[in-house]
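Structure, as structure tokens:
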Amino acid sequence: MKVLFFITCFIFLGLSAHAQEWELKRSANNIKVYTRELDSTKINEYKAVLIANTSVENVVSIITNGNGLKNWNHKTPESETLLKVSDKEYIFWMKNDLPWPITDRDHVCKVSVEKISPKNYKIDISPADTILRLPEYNTIRIENFKGFWLINEIDENTVEITQQMYGDPKGTIPSWLVNSILTSFPFHSFENLKEILEN
């Protein structure tokens, strides 16, 4: 989920570091993107929130379709479900196409689905065994990432979707450059996701 894994699918770091307050960076079309600093790293964390006219079941179906992640994650030309462990656990692979001279990134992640209540889900994202998909030539494998989705029904026709993520893209990308795209990448991904969910 990449410099771009910061989008799609992304990445919240589960360390004991203290975090600063969330700062709203962009708000439009029922999409809000926030970022905040973490004391343990120069790379920020982001949170994106979407209100969509859809059902909880539809959201879960789209998010857990590894082969379809490329259809809405920004700058993600390839994605694949490598393994379906169960109806509640999947292994996904995603590749992010980044502009020259930045090297493309990819990652292998475990996606775990938890049904909190009949209309509320949490979907955790964490690194998976990379042996399932070896890195491609001229691609950097991201291994330090963590995040989650929260999917909550507001009413029978409206769902609130939250994605919170952190990830270290590795390589020589300066932290200021990584942080500069933590607003645009999630925002464009959520624009694409909203269109798919509502059509």
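Across segment 98-153, which residue is surrounded by the most Cβ atoms within 10 Å (Cβ to Cβ) among those that are in contact with a His (Cβ under 9 Å, 6 or more places away or on another chain) and part of a strand (DSSP E or B)?
145
Please work out which residue is surrounded by the most Cβ atoms within 10 Å (Cβ to Cβ), limiting yourself to segment 159-182 and to residues that are closer than 30 Å to residue 53 by Cβ and polar (S, T, N, Q).
163
Listed here are the residues, each with its yes/no results for (1) of a type outside the set (Val, Ile, Thr); (2) more than 23 Å from residue 192 (Cα to Cα).
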site	(1), (2)
128	yes, yes
132	yes, yes
138	yes, yes
143	yes, yes
151	no, no
160	yes, no
165	yes, no
168	yes, yes
173	no, yes
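A quick yes/no check of all residues on (1) modelled with pLDDT of 95 or more; (2) under 16 Å from residue 186 (Cβ atoms); (3) of a type in the set (D, E, K, R):
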residue	(1), (2), (3)
4	no, yes, no
8	no, yes, no
14	no, no, no
27	yes, yes, no
31	yes, yes, no
41	no, no, no
44	no, yes, no
52	yes, yes, no
56	yes, no, no
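Collect the residues in segment 173-199 that are among the aliphatic types (A, V, I, L, M) and more than 13 Å from the chain's Cα centre (by Cα), keeping them in residue-number order.
Scanning segment 173-199 gives 173, 177, 178, 181, 196, 197.
The values are calculated or read from the model by the stated rules, or taken from the named source; none is laboratory data. Only a predicted model underlies this, so the values are computations on that prediction, with no experimental measurement involved. Positions of Cβ are generated from backbone atoms using ideal geometry, with glycine treated the same way; all protein chains shown enter the neighbour counts.
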